[in-house]
Amino acid sequence: MDLRAIAMGLVFALIWSSAFTSARIIVADASPLFSLALRFLISGILGVTIARIMGQSWHLSRRQWKATIVFGICQNALYLGLNFYAMQTVEASVAAIIASTMPLLVALAAWALLGERLRPLGVIGLMGGFAGVALIMSSRISAGVDLFGVALCGLGALALTFATLAVRGATSGGNFMMVVGLQMLVGSAVLFAAAPMFETIHLNATLPFVLAFTYTTLFPGLLATLIWFLLLDRIGATRAATFHFLNPVFGVTIAAILLGEKLGPLDLIGVLVTTLGILAVQLSRQPVQRSNASI
């Protein structure tokens, strides 16, 4: 993995992890599904416009259209929609921890359903990662965490796991900004249809809401997704997923700093165990490579 890929991965992990905190701020002043649909509409229009200025075409390959639709529905509408809805009652740090299980779930599904070989280090990592999450959730359940919200976060992680497995190898062919913009618009359309059925639509344009909404639209919404697609194309899904091991640490740290969410001793131990488990799983899935000095 070259230095540029490492830098891209670190920036992606930091921005992606911050989205849970900004989402928590947003849902305090607006209905979650409607606000998320509006965010995707703006991000999608910006993405498509930038793509056209860059000379990119919306005449995508069949595999790119598959990635666009699957990610638009599973990642944007389901994964983020369920997380936004859940964060009306669930803390950002809890949502970040549950979402961080995605690489563990991908490795488990690839082994159990697709016959992918899992090395001993990966097995240890899986057990450790899930044990860390269980440790955190046990302390939160005893503190009275909303179980319905936790279940929604879990369903969102499963949706993102499915999307990750379903679009393997579908990111090649260029037009990355166009793919990002179009999959935002797909998610927006689904959420605009769902919002009136599941919530009473409201929006209170406070300063924290405006700042969090603008940040989430431009950074986690547009920039992080573009970086992720570029990273997938540069180093592949297996290597790119390694950077998810940083999400538990970044996610709970940002939530603690900006939202004042408290972390107990069991939380800190659980975050450490989960982080090491994710790292072990991803390292076990790395193919043996020859040295590559390109940057």
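Filtered by the rule that a residue be touching a helix residue (DSSP H, G or I) at 6+ places or on another chain (Cβ under 6 Å) and surrounded by fewer than 22 Cβ atoms within 10 Å (Cβ to Cβ), region 173-185 gives Gly173, Leu185. Of all the criteria given as (1) of a type outside the set (Gly, Ala, Ser); (2) touching a strand residue (DSSP E or B) at 6+ places or on another chain (Cβ under 9 Å); (3) buried (at least 23 other Cβ atoms within 10 Å of the Cβ), the one not satisfied by Pro248 is (2). When Pro196 is tested against (1) crowded, with 23+ Cβ neighbours inside 10 Å; (2) at pLDDT 90 or above, exactly one condition is not met: (1). Selection of region 53-66 for residues being touching a residue at least 40 places away in the same chain (Cβ under 8 Å) and surrounded by fewer than 20 Cβ atoms within 10 Å (Cβ to Cβ) yields Met54, Gln56, Ser57, Trp58, Leu60, Ser61, Arg63, Lys66.
Does region 51-65 contain any residue that is of a type in the set (Ser, Thr, Tyr), in contact with an Asp or Glu (Cβ under 9 Å, 6 or more places away or on another chain) and more than 21 Å from Ser188 (Cβ to Cβ)?
Let us first name the residues in region 51-65 that are of a type in the set (Ser, Thr, Tyr), namely 57, 61.
Then drop every residue that is not in contact with an Asp or Glu (Cβ under 9 Å, 6 or more places away or on another chain), which leaves none.
Scanning region 51-65, I find no residue that is of a type in the set (Ser, Thr, Tyr), in contact with an Asp or Glu (Cβ under 9 Å, 6 or more places away or on another chain) and more than 21 Å from Ser188 (Cβ to Cβ), so the answer is no.
Residue-wise test of (1) closer than 28 Å to Gly260 by Cα; (2) outside any helix (DSSP H, G or I); (3) in contact (Cβ under 8 Å) with a residue 12 or more places away in the chain.
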{"site": "Thr68", "(1), (2), (3)": "no, no, yes"}
{"site": "Leu80", "(1), (2), (3)": "yes, no, yes"}
{"site": "Asn83", "(1), (2), (3)": "yes, no, yes"}
{"site": "Gln88", "(1), (2), (3)": "yes, yes, yes"}
{"site": "Ala96", "(1), (2), (3)": "yes, no, yes"}
{"site": "Leu105", "(1), (2), (3)": "no, no, yes"}
{"site": "Leu108", "(1), (2), (3)": "no, no, yes"}
{"site": "Trp111", "(1), (2), (3)": "no, no, no"}
{"site": "Gly115", "(1), (2), (3)": "no, yes, no"}
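Residues in region 51-65 that are at pLDDT 85 or above and in a helix (DSSP H, G or I): Ala51, Arg52, Ile53, Trp65.
Scanning region 123-177 for residues that are modelled with pLDDT under 85, within 29 Å of Val70 (Cα to Cα) and part of a helix (DSSP H, G or I) returns Ala163, Thr164, Leu165, Ala166, Phe176, Met177. Number of residues in region 239-274 that are small (Gly, Ala, Ser), more than 13 Å from the chain's Cα centre (by Cα) and at pLDDT 85 or above equals 4.
Residue pairs whose Cβ atoms lie under 7 Å apart, sitting 6 or more positions apart in sequence or on different chains, and linking a residue in region 125-153 that is in contact (Cβ under 8 Å) with a residue 24 or more places away in the chain and surrounded by 14 or more Cβ atoms within 10 Å (Cβ to Cβ) to a partner that is among the polar types (S, T, N, Q) and in a helix (DSSP H, G or I), are Gly125/Ser284; Gly129/Thr274; Gly132/Thr274; Val133/Thr274; Cys153/Asn83.
The values are calculated or read from the model by the stated rules, or taken from the named source; none is laboratory data. All of these numbers come straight from a predicted model, not from anything done at the bench. Using ideal geometry, Cβ is built from the backbone for each residue, glycine included, and neighbour counts are taken over all protein chains shown.
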